[in-house]
2 protein chains.
Amino acid sequence: MKTELRLGIAGLGTVGANVAQLIERKADVLAERVGRDLRITAISARDRSRNRGFDTHGMQWFDDPVALAREAKIDAFVELIGGSEGIPLQAVEAALKRGIPVVTANKALLAHHGVALAKLATENGTELLFEAAVAGGIPVIKTMREALSGNDVSRVYGILNGTCNYILTRMEKEGIGFDACLRDAQALGYAEADPTFDIGGYDAAHKLAILTSLAFGTEISLESIFIEGISKISIDDITAAQELGYRIKLLAVAVRTDSGIEQRVHPAMIPARSSLAQVDGVTNAVAIDSDLLGSILLAGPGAGGAATASAVLSDVMDVAGGFVPPTLGLPPSRLQPYQRARMRAHEGGYYIRLAVYDRVGAFASIANRMAENSISLESIVQRKADHKGEGTAPVVLVTHETTEAAIRSALEALSRDGYLSGEPQMIRIEDLE
Amino acid sequence: MKTELRLGIAGLGTVGANVAQLIERKADVLAERVGRDLRITAISARDRSRNRGFDTHGMQWFDDPVALAREAKIDAFVELIGGSEGIPLQAVEAALKRGIPVVTANKALLAHHGVALAKLATENGTELLFEAAVAGGIPVIKTMREALSGNDVSRVYGILNGTCNYILTRMEKEGIGFDACLRDAQALGYAEADPTFDIGGYDAAHKLAILTSLAFGTEISLESIFIEGISKISIDDITAAQELGYRIKLLAVAVRTDSGIEQRVHPAMIPARSSLAQVDGVTNAVAIDSDLLGSILLAGPGAGGAATASAVLSDVMDVAGGFVPPTLGLPPSRLQPYQRARMRAHEGGYYIRLAVYDRVGAFASIANRMAENSISLESIVQRKADHKGEGTAPVVLVTHETTEAAIRSALEALSRDGYLSGEPQMIRIEDLE
């Protein structure tokens, strides 16, 4: 048996405590699998006194995670503090500079500094592993970096935020409004007190930025992602989607186009019979289209202490086994600059919901504005006018394939015509399989 | 850059030719990813003269694959001949005895000799990789062996045979009978001239035997698998399934029970809304339930030259990168003996379709035989009697959870009562999510 692998863990919240408990509880089988013992020799967290469910005997305590990374006698450093700047960044940099491999679950760190850290790792002859940073327990990083290493990827997309998927699933299954579902998600611990990072689409965007780099061999470009959250999705949209044979999901998509790479996170209507439409609740799913495999789909728990700890442990085991692939699948010097696709290049069908004043000329305005922008309509449904208040009728349009620019132009013209109450609702349709 | 990896490939059919073409076409990016060149230095196939779409210049030709494995100057041996006995077995053994890592797509070889070959690999300080042997391009071996290495698996199940899934999907979508669908599958190359291996469930069983070993750390036990194929599935069953909210799939299941491990391959009714029910056509899917991850699902192409070549290449890249995990996830000496679950231990609901003679007492016979065996019924549907011929009425029963032993006993008693025309049809119901 090889020498033991000495681990330093910084951050002992839910995931960190789970990792330490697992290494204690499953010590024998882990050692058998990888041919060497895993031993935690150094830890750091905010509160030293707390009992975290594992035996800290023999572990050196550090108040400062950066000092742990810089000084502890360790063979691998596990960063589970979270956050893209300051201490976690400094700690990871310190470990890499010593040539010590780093395992992290920190999506923000990767999305903001992934390429720089990959370079630092390479310069120091070590590597950075981050399976837990994207889609929790689903082995999507391993799949993209190793299993698909002979493939040219054309698209990667999926459901990357469990909070949003939980809310959308409950809205659909129980007919409850967005706000009530969000409150329940918060009560259940699926959403933060400030839910903006999740429901605004930013969490999914961080994960997508990382997947994009692995998929296309490009530098990470979080700031290029078009991001739209789910807070504007109403029960009316959910109901209309069901009637039209779709379900609404917060989709993250990165696709290679002629003009560059398109990255977007937004609510989308996807066919109710598609695989992704079956992904309910806090489950995540990632689909990858590539030249050799066609399409593969991975689905599973996108968050949670045990699932995330499983992914961290998988990386630790790879370090223990001596397999350290390049951080982003290629040596960092070979990553291509990110080339953003033309704005509004997205093509596909669109769902549009309008609240139209019940006046002569309203329907002609809709018809003309669509025709002027060369948008052909697959279906139009006008419901009975609501005669409470000003009397508006809900009108739902589904367009054939068109461009985002055409849709925006038509909706702006429609708004100027003065027949609409409030802003038009627009949801992209993705014709997935 | 490290020294090049010299490859010997035996078997240049569709998959082998694809692998060689890919290594030629993608040489640069593969070398970048893994830090060393891949070079095919030795090949063997049945017909030397055939053009297989890659440049054989500089490759040593062997008429005998065993001689290639024994003598060629290679760093890894790729076995793509197929078949469990004779030459492929001898060739793999010869390579392993030289301490040369072996990559194979050969499920029969693994299912029959996997443990012995794993031992041979370990004794000679090398390893055997076989991602392509199960579910084609889906990285299920890598996921189970590496990504789930900290998990205790409780169940692994899925759709492992594309031919059967193609036939069942077409029967359902187009209302075409089994025989016609099979002929089409043969015409399209999805089924062999002798389709028994696929439609009899044997192909799925070979793959399941391998997954079971990885899931539970046990020795491979192909002969313990309960196998039932799809040839008895009729359009009547497909229609009844749709009416009941189910779809019929050939399911392969391995589950840990109190009395041992249950392995079975058989048609099953699964909820139409479940993830596996969306898996159509030649697509495969594998679901894994484990302590840390709950449930994850992987779906993708289960066969085809490019997808299988992708999996072979993934293994070759792992060999090139120097990562050789134990063949079956654990050192072979630590594999547990396979402990088979008690016979007929399967518990769940059952679908039963009877052709009942239109006589007084028939219904009482059904009711009594079910009651005697403590089987409670969830639903009973009797259609109008068919008065062509002897006049039988189709009766469809759906039972609540019961045991296979109770069902068999009830059906045997029913048959003895003499009200049934032909054999009763019985399909297990799996309440998957």
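All of the numbers you see were taken from the coordinates with simple rules; none came from a lab. Predicted model, so just to flag it, every value in this text is computed and none were measured. Glycine gets a Cβ as well: all are built from the backbone with ideal geometry, and neighbour counts include every protein chain shown.
Values computed for the structure shown
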{"item": "Relative contact order for region A:5-133, counting Cα pairs under 8 Å that sit 6 or more residues apart, in percent", "result": "24 percent"}
{"item": "Whole-number percent relative contact order across region B:115-226, with pairs defined as alpha carbons under 8 Å at least 6 apart", "result": "28 percent"}
{"item": "Which listed pairs, of A:K119/B:K26; B:K173/B:K384; A:K142/A:K249; A:K26/A:K142; B:K97/B:K142; B:K26/B:K249, have C-alpha distances above 27 Å, in listed order", "result": "B:K26/B:K249"}
{"item": "Compactness index (Cα Rg / 2.2 N^0.38 Å), region A:1-92", "result": "1.05"}
{"item": "Shielding of A:281-290 by partner chains, average beta-carbon count, 10 Å", "result": "2"}
{"item": "Inter-label distance for B:R359 and A:F363, nm, one decimal - labels placed 7 Å from Cα along Cα-to-Cβ", "result": "6.6 nm"}
{"item": "Average beta carbon contacts from partner chains per residue of A:25-32, 10 Å cutoff", "result": "3"}
{"item": "Shape box of region B:275-318 [Cα atoms, principal axes, largest first, Å]", "result": "31, 29, 6"}
{"item": "Computed magnitude of the charge dipole of the protein assembly as shown (debye, nearest 20; Cβ of K, R +1, Cβ of D, E -1)", "result": "760 debye"}
{"item": "Three-way shape call for region B:165-250 based on the alpha-carbon gyration tensor, with the a/c threshold at 1.5", "result": "oblate"}
{"item": "Against the rule of thumb 2.2 N^0.38 Å, how large the Cα Rg of region B:249-331 comes out", "result": "1.36"}
{"item": "Average silhouette area of region A:208-356, convex hull of alpha-carbon atoms, in square nanometres", "result": "11.7 nm²"}
{"item": "Cα-derived Rg over Rh, computed across region B:347-429 with Rh taken as Kirkwood radius", "result": "0.95"}
{"item": "Length-normalised contact order for chain B - Cα pairs under 8 Å, 6+ apart - percent", "result": "16 percent"}
{"item": "Calculated FRET value between B:A371 and A:E174, using beta carbons and R₀ = 35 Å, to 0.05", "result": "0.35"}
{"item": "Label 7 Å beyond Cα on the Cβ vector: B:D64 copy-to-copy distances, nm", "result": "6.9"}
{"item": "Volume of the Cα convex hull of chain B, divided per residue and given in Å³", "result": "149 Å³"}
{"item": "Taking the convex hull of Cα positions in the protein assembly as shown, its mean projected area over all directions (nm²)", "result": "40.7 nm²"}
{"item": "Mean Cβ count within 10 Å, highest first, over the residues of peptides B:204-215, B:415-426, B:230-241", "result": "B:204-215, B:230-241, B:415-426"}
{"item": "For region A:140-301, projected area of the alpha-carbon convex hull averaged over all directions, nm²", "result": "9.5 nm²"}
{"item": "Surrounding net charge for B:L148, when Lys and Arg each add one and Asp and Glu each subtract one, Cβ distance under 14 Å", "result": "-1"}
{"item": "Chain A Cβ-axis minimum, rotational copy B, residue and distance in Å", "result": "A:F323, 2"}
{"item": "Check: chain A dipole with +1 on Lys, Arg Cβ and -1 on Asp, Glu Cβ, in debye", "result": "460 debye"}
{"item": "Gain upon complete extension [B:E423, B:E4; 0.36 nm per residue less C-alpha separation]", "result": "144.7 nm"}
{"item": "Inter-copy label distances at B:G322 (7 Å, Cα→Cβ; nm, one decimal)", "result": "0.7"}
{"item": "Counted charge near A:Y202, where neighbours are those whose Cβ lies closer than 12 Å (Asp, Glu -1; Lys, Arg +1)", "result": "-4"}
{"item": "Mean residue ellipticity (222 nm) of the protein assembly as shown, computed from DSSP H runs ≥ 4 via -39,500 (n - 2.57), nearest 500", "result": "-10500 deg cm²/dmol"}
{"item": "Footprinting exposure proxy for A:I9, A:I74 (fewest neighbouring C-beta atoms within 10 Å first)", "result": "A:I74, A:I9"}
{"item": "Estimated FRET transfer efficiency when R0 is 35 angstrom, pair B:R416-B:D258 (beta carbons, to 0.05)", "result": "0.60"}
{"item": "FRET efficiency, 1/(1 + (r/R0)^6) with R0 30 Å, evaluated for B:D28 and A:A116 via beta carbons", "result": "0.75"}
{"item": "Other-copy label distances relative to B:Q90, 7 angstrom Cα-Cβ extension, nm", "result": "6.8"}
{"item": "Estimated distance in nm for a label pair at A:E123 and A:D152, the labels positioned 7 Å out from Cα along Cα-to-Cβ", "result": "3.3 nm"}
{"item": "Cα gyration tensor of region A:285-433 - equivalent ellipsoid semi-axes, whole Å, descending", "result": "47, 20, 14"}
{"item": "Volume per residue that the Cα convex hull of region A:82-205 spans, once the total is divided by residue count, Å³", "result": "132 Å³"}
{"item": "Average beta carbon contacts from partner chains per residue of B:134-140, 10 Å cutoff", "result": "4"}
